[in-house]
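What follows is a set of notes on a single structure, which appears directly below.
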Amino acid sequence: MKTKNQKFQKIKKIFKENNGYVHTQDIIEAGIHTSYLYQMEEKGIINKIKRGLYQYQDNNFMPEDELIQVSKIVPKGVFCLLSCLSYYEITTVEAWEYYIAIERTQHKPKVPDYPPINFFYFSKKSYETGVNKVNINGNEIKMYDLEKTICDCVRYRNKIGQDVVKEALNDYVKKKEKDIGKLLEYAKITGIPNLMNKYLEVLV
């Protein structure tokens, strides 16, 4: 029993070193048999997010925890559209799913039923433009910056709703830290320069 508890403590330490998440491979590389992971899952100590990925259970669950989960499930993904609008607090719409951008040539990754994830396929240049790395509880989360988010919302206005776009733009132009130059630069990259100018002519 003492040996088992020592193994559990060692696994817990690995979770702590990885900010609450581990891959099965991390445990194998530490010289620990994966059966201990399965035992900890049965005891409710850890939670399986998807095949090969686990999260340490914590009663102090915060909404940001799901952002971390999704970033681990889709490591090459970038939060976009409504997910970013919510993070930057420029929408009153509460999205029931997470919006993730992946590069067009990437294969759609296998994901669990929960959390719900909606994928958008971006061109390589658009995918790589405006990526902002946010630190949440020691975990690096990739999401588009405010200007790129606005451009993407205008581009996908028919999918997320015209009202959502108008509200976001209204809130954006009122912000002191807005960067119209960057917004117009991103608008060219995302292929909506004329449309963005029309929106700005009305609002600014």
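The values are calculated or read from the model by the stated rules, or taken from the named source; none is laboratory data. Here the structure is a predicted model, which means the values were calculated and not measured. Every residue, glycine among them, receives a Cβ derived from its backbone with ideal geometry; neighbour counts consider all protein chains shown.
Test Lys48 against the stated conditions and say whether it is free of Cβ contacts under 8 Å to residues at least 12 places away in the same chain, assigned by TED's automatic domain parsing to the domain that holds Glu177 and more than 12 Å from the chain's Cα centre (by Cα).
Values: free of Cβ contacts under 8 Å to residues at least 12 places away in the same chain: yes; assigned by TED's automatic domain parsing to the domain that holds Glu177: no; more than 12 Å from the chain's Cα centre (by Cα): yes.
So Lys48 fails the test.
Find the residue count for segment 1-40, including only residues that are of a type in the set (Asp, Glu) and within 17 Å of Ile73 (Cβ to Cβ). Give the steps one after another, and end with the answer.
Keep residues of segment 1-40 that are of a type in the set (Asp, Glu), which gives 17, 26, 29.
Still in the list and also within 17 Å of Ile73 (Cβ to Cβ): 26.
So the count comes out to 1.
Restricting attention to segment 126-155, which residues are closer than 20 Å to Glu89 by Cβ and touching a strand residue (DSSP E or B) at 6+ places or on another chain (Cβ under 7 Å)?
Once the filter is applied, which keeps residues that are closer than 20 Å to Glu89 by Cβ and touching a strand residue (DSSP E or B) at 6+ places or on another chain (Cβ under 7 Å), segment 126-155 yields Gly130, Val131, Asn132, Lys133, Val134, Ile141, Lys142, Met143, Tyr144, Asp145, Asp152.
So which of Ile73, Ile68, Ile32 ends up being at negative phi, β-branched (Val, Ile, Thr) and not assigned by TED's automatic domain parsing to the domain that holds Lys166? Step through it out loud before you land on a result.
Values: Ile73 fails: not assigned by TED's automatic domain parsing to the domain that holds Lys166; Ile68 fails: not assigned by TED's automatic domain parsing to the domain that holds Lys166.
None of the others qualify; the one that does is Ile32.
Is it true that some residue in segment 116-135 is touching a residue at least 40 places away in the same chain (Cβ under 8 Å), loosely packed, with under 14 Cβ neighbours inside 10 Å, of a type in the set (S, T, N, Q) and not assigned by TED's automatic domain parsing to the domain that holds Glu17?
no
Answer yes or no as to whether Thr105 is hydroxyl-bearing (Ser, Thr, Tyr), part of a loop (DSSP other than H, G, I, E, B), without any contact (Cβ under 8 Å) to a residue 24 or more places away in the chain and touching a helix residue (DSSP H, G or I) at 6+ places or on another chain (Cβ under 8 Å).
On the way: hydroxyl-bearing (Ser, Thr, Tyr): yes; part of a loop (DSSP other than H, G, I, E, B): yes; without any contact (Cβ under 8 Å) to a residue 24 or more places away in the chain: yes; touching a helix residue (DSSP H, G or I) at 6+ places or on another chain (Cβ under 8 Å): yes.
So Thr105 fits the description; yes.
I'm told Asn132 meets every condition in (1) within 30 Å of Lys16 (Cβ to Cβ); (2) at pLDDT below 90; (3) not hydrophobic (A, V, I, L, M, F, W, C) except one. Can you identify the failing condition by its number?
Evaluating Asn132 over (1) within 30 Å of Lys16 (Cβ to Cβ); (2) at pLDDT below 90; (3) not hydrophobic (A, V, I, L, M, F, W, C) leaves (2) as the failure.
Before we move on, is Glu41 free of Cβ contacts under 8 Å to residues at least 60 places away in the same chain, more than 28 Å from Tyr144 (Cα to Cα) and of a type in the set (D, E, K, R)?
Details: free of Cβ contacts under 8 Å to residues at least 60 places away in the same chain: yes; more than 28 Å from Tyr144 (Cα to Cα): yes; of a type in the set (D, E, K, R): yes.
Yes, satisfied.
Within segment 77-115, restricting attention to residues that are under 16 Å from Ile160 (Cβ atoms) and of a type in the set (Gly, Ala, Ser), which residue is surrounded by the most Cβ atoms within 10 Å (Cβ to Cβ)?
Ala101
Take Tyr54 and decide whether it is of a type outside the set (S, T, N, Q), out of contact with any Gly (no Cβ under 9 Å at 6 or more places or on another chain), surrounded by 12 or more Cβ atoms within 10 Å (Cβ to Cβ) and not in a helix (DSSP H, G or I).
Details: of a type outside the set (S, T, N, Q): yes; out of contact with any Gly (no Cβ under 9 Å at 6 or more places or on another chain): yes; surrounded by 12 or more Cβ atoms within 10 Å (Cβ to Cβ): yes; not in a helix (DSSP H, G or I): yes.
When the stated conditions are applied, Tyr54 passes them.
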